[in-house]
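Where a number appears in this text, it was derived from the coordinates with a stated rule and is not lab data. Quick caveat, the model's predicted, so the values are computed rather than measured. Here the Cβ positions follow ideal geometry from the backbone for every residue, glycine too, while neighbour counts run over all protein chains shown.
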Amino acid sequence: MGKGKVDALLGIVFGDEGKGKVVDVFTPRYDVVARFAGGPNAGHTIIFDGKKFVLRSIPSGIFDEGKLNIIGNGCVIAPDLFMQEAKELEEAGYDLKSRLHISKRAHLILPTHRVLDRAYEAAKGKNKVGTTGKGIGPTYSEKASRTGLRVGDILENFQEKYDTLKARHEQTLRDLDYTDYDITEEEKLWMQGIDYMRQFPLTDTEIELGKAIAEGKKVLAEGAQGTMLDIDHGTYPFVSSSNTVCGGVCTGLGVAPNAIGEVFGIFKAYSTRVGSGPFPVELFDETGDKIREIGHEYGAVTGRNRRCGWLDLVALRYAIMINGVTQLIMMKSDVLDTFAEIKVCTAYTKNGVTTDQMPFDTEGWQAVYETLPGWQTDLTGMTSESQFPKQLRDYIAYIEKATGTPITIVSVGPDRAQTITRQPGN
Ligand code: IMP
């Protein structure tokens, strides 16, 4: 039997591209679905049979009975939120405990990490990152400082380890003069979450994956957030705290680079961003409002308004390079159905300098646009590429040419069924 491959499915802009739906459509092709980075800051929405599920930490393969799902070592996990999320799925009839394996090396988000997240944000004043408040940054910082607690720690002397770390956090909070918080109730639930997690297989997931790959199994690595929120390659410091790019699949799951197969890069037909930070394509006018309204661009986790704008080819090309994207997937194309004109950002300009390469400091750049005709046709009922209007075909061809990468899937609505596979070059 030949060696299996790990295909990566990655958001390649600012997250919220609709990864949940695509993983769900892709799952039948894979034996294992694994999350490699991030935690409950993610919100992967899946809609089918009229039901809506928002997955935060649990891989989207969970709806497919025969699949193994893995939360990898690169993830951070909040036991209370995990319990809530998992119980909802169990109540909906899905069996989790035999099919969801959690890496012993994944790091735990403590209630005090969440307080620290708020405290650090408050201390930043107007330079706030606009985090999701889920304790992601403080947990990853602790991992890098080598003081964090890992899932495997819950198997022995946990209370003692917990109390030590919590006491350290409380000291830091006193030093920051951030003392107006009460985690009593939250902590109780969190501890129940720890007991609940003990009922799951807590394993060396990298070894399991190594065996699966050696046996020829197919693995899908499900990304979270997006390339422009990557700690190294995003719009630092307005980023998340993990490697959301394809390299993160290797470190966050313990798989070798030569095991990576296809790299699917997901983007929306337009752009959105949640939280602070540079966003050259942002529209402050009614066009931006219209995109937000039609696209329901409000955060799945925080409910915040997403900032909206036209497609950014500078960011897209950069992300394709960093991730080695082999196929592009264009989401939410139907949101642009009623626009007479569609703009595309081809370069950035600032103080008389124009560039089509992602600059070190993305602050203060203005977008340079090209305008294309809109299709002004309802795409939502379409089931095949042959039904696409000419202007949509032209839009697709334009992006493929500008990025040198084929678009193999076009999504025209939130349901699984509204996902059209196409032949590049058509
Ligand atoms: P954190 O990950 O909570 O630390 O937030 C850091 C930045 O990443 C903020 O701007 C968040 O809005 C953004 N962010 C984090 N997770 C997501 C996501 O799943 N989708 C979109 N933006 C996200």
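Here are VAL76, VAL54: which of them is within 17 Å of the chain's Cα centre (by Cα) and either under 24 Å from LEU155 (Cβ atoms) or away from the ligand (no atom under 14 Å from the Cβ) (or both)?
VAL76
Just checking, does the stretch 262-274 include any residue being more than 16 Å from the ligand (Cβ to nearest atom), touching a helix residue (DSSP H, G or I) at 6+ places or on another chain (Cβ under 7 Å) and touching a residue at least 12 places away in the same chain (Cβ under 8 Å)?
yes
For the stretch 42-84, what are the residues that are assigned to a loop (DSSP other than H, G, I, E, B) and of a type in the set (A, V, I, L, M)?
ALA42, ILE58, ALA78
Looking at the stretch 85-121, which of its residues are acidic (Asp, Glu) and in a helix (DSSP H, G or I)?
Once the filter is applied, which keeps residues that are acidic (Asp, Glu) and in a helix (DSSP H, G or I), the stretch 85-121 yields GLU85, GLU88, GLU90, GLU91, ASP117, GLU121.
Kindly evaluate THR184 against the criterion of being of a type outside the set (A, V, I, L, M, F, W, C) and farther than 25 Å from THR132 by Cα.
No; evaluated as a whole, the condition is false for this residue.
Considering (1) closer than 21 Å to THR227 by Cβ; (2) buried (at least 21 other Cβ atoms within 10 Å of the Cβ); (3) of a type outside the set (Gly, Ala, Ser); (4) away from the ligand (no atom under 15 Å from the Cβ), say which one LYS332 fails and leave the rest.
Result: LYS332 passes all but (4).
Mind checking whether some residue in the stretch 378-389 is touching a helix residue (DSSP H, G or I) at 6+ places or on another chain (Cβ under 8 Å), crowded, with 16+ Cβ neighbours inside 10 Å and closer than 19 Å to VAL281 by Cβ?
Looking through the stretch 378-389, none of the residues is touching a helix residue (DSSP H, G or I) at 6+ places or on another chain (Cβ under 8 Å), crowded, with 16+ Cβ neighbours inside 10 Å and closer than 19 Å to VAL281 by Cβ.
Could you run through the stretch 18-41 and say how many residues are more than 13 Å from the ligand (Cβ to nearest atom) and either assigned to a loop (DSSP other than H, G, I, E, B) or acidic (Asp, Glu) (or both)?
Here the count works out to 4.
Among (1) touching a strand residue (DSSP E or B) at 6+ places or on another chain (Cβ under 9 Å); (2) touching a residue at least 60 places away in the same chain (Cβ under 8 Å), there is one condition CYS250 misses while meeting the rest; what is its number?
(2) is the only condition that CYS250 fails.
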